[in-house]
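Worksheet: the structure to be examined is printed underneath.
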Amino acid sequence: MIDLQKITKTYKTGEVDFQALKELSFEIKEGEFVAIMGPSGSGKSTLMHIIGALDTPTSGKYFFDGKDVSELSDDELADVRKNKIGFVFQSFNLLPRTTVLRNVMLPLIYNEVEEGEREERAQKVLKSAGMDEGHFYHLSNQLSGGQIQRVAIARALINNPALILADEPTGNLDTKTGEVVLKTFQELNKNEGRTIILITHEHDVAECAERIIQIKDGGLVSDLRNYKRKIL
């Protein structure tokens, strides 16, 4: 599904060039649960933006589902971001004073999906994300942090994307609540075969994935199967 070939990203700051990524190469297959781990400034956020088709590398090739992303038009890139990748962010990005159900349905409203189908699909993905039906009509600002993140996961699932890309999804949560969210990712991967890429700087969070890619200073440090995976 994901094939990165010698990806380099260079930023110009005045007369100085800064290499955020340095010839990174790896593949991620469909159905894998992979953690990309690194300290602050390691380049993992830059890498996430490239994988999510939000940014382009300075050099190297990125293939998503067999297609060279650099050759896609703006409309094709927008389609990839909208329908093939589900994003989950640390900051949740839900609309306040809006019901859980409507927050999840919003992408379908923009896609002009009929109301009945919107609600049916939203309820289905909320259940997949482990959300209790009793909270479907609560406002987003009436929920706990863990519940809010589950709603964000459900919203990421609404267009049935090939990939879930989660950027520090437990960063604003306490340890116990974070484990509930990570368990949700594990269940989506195991029960539905979802491909999940988890961006994190925390070793305990990365331990929940079946494979851990470590980067530092823009380069690849290790890419190992996690045989001591923590099952939640």
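With each label point set 7 Å from Cα along the Cα-Cβ vector, what nm distance links V221 and D65?
3.3 nm
Rounded to whole Å and sorted largest first, what semi-axes of the equivalent ellipsoid does the C-alpha gyration tensor of segment 129-232 yield via the square root of 5 times each eigenvalue?
Working: eigenvalues 132, 44, 33 Å².
With the √(5λ) rule applied to segment 129-232, the semi-axes are 26, 15, 13 Å.
So if I take the centroid of the Cα atoms in segment 180-194 and the same for segment 1-25, what is the distance between those two points in Å?
Cα centres, segment 180-194 to segment 1-25: 31 Å.
In nm, to one decimal, how far is the Q142 label point from the L106 one, both placed 7 Å along Cα→Cβ?
With each label point 7 Å from Cα toward Cβ, the separation is 1.8 nm.
Within 10 Å of each residue's Cβ, count the other Cβ atoms and sort V221, V205 from fewest upward. Walk me through the intermediate numbers first.
Working: V221 13, V205 24.
The order, fewest Cβ neighbours first, is V221, V205.
Treating the angle as unsigned and between 0 and 90°, give the value, to the nearest 10°, between the Cα long axis of helix 175-192 and the longest Cα principal axis of the chain.
The answer is roughly 90 degrees.
Could you please rank I212, I153, placing first whichever residue has the fewest other Cβ atoms within 10 Å of its Cβ?
Working: I212 21, I153 25.
The most exposed by this proxy come first: I212, I153.
For the chain, what size does the Cα cloud have along each of its three principal axes, sorted from largest down, in whole Å?
Computed over the Cα atoms, the extents are 53, 41, 35 Å.
What is the distance in Å between the Cα centres of segment 96-143 and segment 217-232?
Between the Cα centre of segment 96-143 and that of segment 217-232, the gap is 34 Å.
Given springs between every Cα pair under 10 Å in a Gaussian network model of the chain, which of L157, L182, L139 has the largest fluctuation?
Of L157, L182, L139, the most mobile in the Gaussian network model is L139.
Regarding segment 45-114, what are the three Cα extents along the principal axes, ordered largest first, in Å?
The Cα atoms of segment 45-114 stretch 44, 28, 17 Å along the principal axes, largest first.
Let me check against my output: what whole-number percent is the relative contact order of the chain, with C-alpha pairs under 8 Å and at least 6 apart?
Values: 458 pairs, mean separation 65.8, N = 232.
Computed value for the chain: 28 percent relative contact order.
Please give me the summed charge of the neighbours of T177: other residues whose Cβ is under 13 Å from its Cβ, Lys and Arg +1, Asp and Glu -1.
Values: positive: R150, K176, K183; negative: D174, E179.
Once all neighbours under 13 Å are counted, the net charge is +1.
Under a point spin-label approximation (7 Å from Cα along Cα-to-Cβ), what is the K190-Q5 distance to one decimal in nm?
With each label placed 7 Å out from Cα toward Cβ, I get 3.7 nm.
Which three extents, in whole angstrom, do the alpha-carbon atoms of segment 1-62 cover along their principal axes, largest first?
Extents along the principal axes: 43, 24, 18 Å.
As a test of the formula, what do you get for the chain when each DSSP H run with n ≥ 4 contributes -39,500 (n - 2.57) and the sum is divided by the residue count, at 222 nm and rounded to the nearest 500 deg cm²/dmol? Before the final figure, lay out each step's value.
Numbers: 7 runs with 74 residues, N = 232.
After summing the helix terms and dividing by residue count, I get -9500 deg cm²/dmol.
Mind sorting L224, L198, L108 by how few other Cβ atoms lie within 10 Å of their own Cβ, fewest first?
Details: L224 10, L198 24, L108 19.
Taking fewest neighbouring Cβ atoms as first place, the list is L224, L108, L198.
Coordinate-derived values only; no laboratory data. Keep in mind that what you see is a predicted model, and the values were worked out from it rather than measured. Note that we place each Cβ from the backbone using ideal geometry, even for glycine, and neighbour counts take in every protein chain shown.
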